[in-house]
Amino acid sequence: MVNPRQTITIQGEGVELLITPSMYRAALTRGMDLTLADGADTAEVWDMYVKHVYLAYRNAMEVAAFDGKPAPLRTYDLADFEAWAAGEGKARFVELMGVIVYLRTGKTIEELTAEAQSKKKPKSSAMFRSWLRGSRSGTGS
């Protein structure tokens, strides 16, 4: 079981994250786009997951405020999370990508990759056999 409460360190300070479906409410209210035009574009995927981590941060802050906890002394914006993911927090960010995937799907990245591989149809050589037969008949062989 993966805990939806996670902590990261930005500029030496602990930052709480809450990875739950309610974090997407902030994306809707802020007009944040979480769609991928090209899932093979690693920069685009990276950017999307930075936004997920930022949304988890906003979610944790909103839930804490609802519970009557005092606001943190320092708040962070999306640019802070982008700098963190590209620099000091790069290794932790890669871990969080797996956590986010698991909490959204109930499966690890490895499980999802294996499923995707098993769904790929093997290339059939029947098409090539018929093409070869057609070629032979066209040449008079």
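The values are calculated or read from the model by the stated rules, or taken from the named source; none is laboratory data. It should be emphasised that the depicted structure is a prediction, and the values quoted were computed from it without experimental measurement. No Cβ is skipped: glycine too gets one built from the backbone with ideal geometry, and neighbour counts run over all protein chains shown.
Below, the figures for the structure above:
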| read-out | value |
| --- | --- |
| Helices (runs of 4 or more DSSP H) completely within the stretch 80-141 that count 1 or more residues being at pLDDT 80 or above and loosely packed, with under 12 Cβ neighbours inside 10 Å | 90-105, 109-119 |
| Selected residue [of a type in the set (D, E, K, R), modelled with pLDDT under 90 and surrounded by fewer than 13 Cβ atoms within 10 Å (Cβ to Cβ)] from 77, 38, 67 | 38 |
| Matching entry among 56, 43, 65 (being free of Cβ contacts under 8 Å to residues at least 12 places away in the same chain, part of a helix (DSSP H, G or I) and either under 25 Å from residue 91 (Cβ atoms) or in contact with a Pro (Cβ under 6 Å, 6 or more places away or on another chain) (or both)) | 43 |
| Scope the stretch 73-93; condition touching a residue at least 24 places away in the same chain (Cβ under 8 Å) and within 22 Å of residue 27 (Cα to Cα); matching residues | 74, 76, 78, 80, 81, 82, 84, 85, 93 |
| Residue, farthest from the chain's Cα centre (by Cα), within the stretch 3-19, restricted to residues that are surrounded by 14 or more Cβ atoms within 10 Å (Cβ to Cβ) and more than 14 Å from residue 78 (Cα to Cα) | 16 |
